[in-house]
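The values are calculated or read from the model by the stated rules, or taken from the named source; none is laboratory data. Since this is a predicted model, take the numbers as computed values, not measurements. Reconstructed Cβ throughout: ideal geometry from the backbone, glycine too, with neighbour counts over all protein chains shown.
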Amino acid sequence: MRHFLSLYDFTKEEILEIMELGIKIKREAKVKNYIPYLQHQSLGMLFEKSSTRTRVSFEVGIHQLGGQGLFLSSNDLQLGRGEPMKDSARVISRMVDMVMIRTYSQKILDEFAAYSKVPIINGLTDKYHPVQLLADYLTMIEYGKDKNPIVAYVGDGNNMTHSWMMLAGKLGFELRIATPKGYEPLEEIKNDAKELCAKSGGKVSYHLDPKEAVKGADIVTTDTWVSMGQESEKEKKMRDFKGFIVDMDLMSLAKDDAIFLHCLPAYRGYEVSEEVFEKYADVIFDEAENRLHAQKGLMVWLDKER
């Protein structure tokens, strides 16, 4: 049995297998050919952090695969009254076939997985957002940007940055990260990325100037500067991130055929300008839709690995 807690735990070949499944299932869905790969199976969806795309994509995804999704809010479970996570894991995993968890702490996810009898999927933690990277990579494939790309990430050194670092390390492409001073990725993730790149031929570099990162890039990507739970830091971050907006001037430094990705929600005028967002809206919303298809590929792959 395999869990999907971070991309660090997966080989390049396994990531590509998941992508192939996602692409195959997407093709089938586009002609309304919904094959029940997970017929009569149940997906428990445990949310400590609210979501739009994660809930809709997993709930629709398991339905299209022939199964059923169960929305489980931590406020409505015994977790909200202090039941240990390991006990909730022991109970829930005896009643469902797979669990997706969207939570604040990676430690909570890891503990749940340690006591679970079924595969666990990371729907987002403070440390990683790997299902989003599956959707991003599927979008890169569809737009012909998956062969030795140069990716520029501009913004906060957060869970999205960490996940891009893991993907670059596993697949062996170049990733340039531009963050303001004091907002760099975690050192432990830097060390993991360095180790992975040494094996794959990938490269991860760190910059304080977004222009250095974006120059000649095939893909430019960013994320919100103020993640859920960080609202009290908003004013400080707005000051600290001055000059890190992805606007047309910055995008002009990338390759002429470069694409822009954003995991959403997007706050125009902060991490991305209205003009850039609307110019690349088709790509961004293809990327958002690909959460559905990449995650279906992931769920089918995890079921096969039992």
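General observations
- Close pairs (6 angstrom Cβ cut-off, 6 or more residues apart or separate chains): under 16 Å from Tyr137 (Cα atoms) in region 213-224, at pLDDT 95 or above and of a type in the set (D, E, K, R) anywhere: Asp218/Lys145; Asp218/Lys255; Ile219/Lys145; Thr222/Glu271
- Restricted to region 254-306, and to residues there that are among the basic types (Lys, Arg) and not in a loop (DSSP other than H, G, I, E, B), the residue that is nearest to the chain's Cα centre (by Cα) is Arg291.
- Some residue of region 45-54 being of a type outside the set (Lys, Arg), surrounded by 18 or more Cβ atoms within 10 Å (Cβ to Cβ), at pLDDT 95 or above and part of a helix (DSSP H, G or I): yes
- Residues satisfying the stated conditions in region 228-248, i.e. over 18 Å from Ile177 (Cα atoms) and of a type outside the set (A, V, I, L, M): Gly229, Gln230, Glu231, Ser232, Glu233, Lys234, Glu235, Lys236, Arg239
- Residues within region 1-44 that are in contact with a Phe, Trp or Tyr (Cβ under 6 Å, 6 or more places away or on another chain) and not in a helix (DSSP H, G or I), tallied: 1
- Qualifying positions in region 186-201 - small (Gly, Ala, Ser) and outside any loop (DSSP other than H, G, I, E, B): Ala193, Ala198, Ser200
- Number of positions in region 227-258 that are touching a helix residue (DSSP H, G or I) at 6+ places or on another chain (Cβ under 9 Å), touching a residue at least 40 places away in the same chain (Cβ under 8 Å) and among the hydrophobic types (A, V, I, L, M, F, W, C): 6
- So Lys170, is it surrounded by fewer than 22 Cβ atoms within 10 Å (Cβ to Cβ), outside any strand (DSSP E or B) and among the basic types (Lys, Arg): no
Yes/no per residue for (1) surrounded by 24 or more Cβ atoms within 10 Å (Cβ to Cβ); (2) free of Cβ contacts under 8 Å to residues at least 60 places away in the same chain; (3) assigned to a strand (DSSP E or B):
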residue: Lys127; (1), (2), (3): no, no, no
residue: Lys147; (1), (2), (3): no, yes, no
residue: Ser163; (1), (2), (3): yes, no, no
residue: Leu175; (1), (2), (3): yes, yes, yes
residue: Glu184; (1), (2), (3): no, yes, no
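- So Asp249, is it farther than 22 Å from Pro185 by Cβ and assigned to a loop (DSSP other than H, G, I, E, B): no
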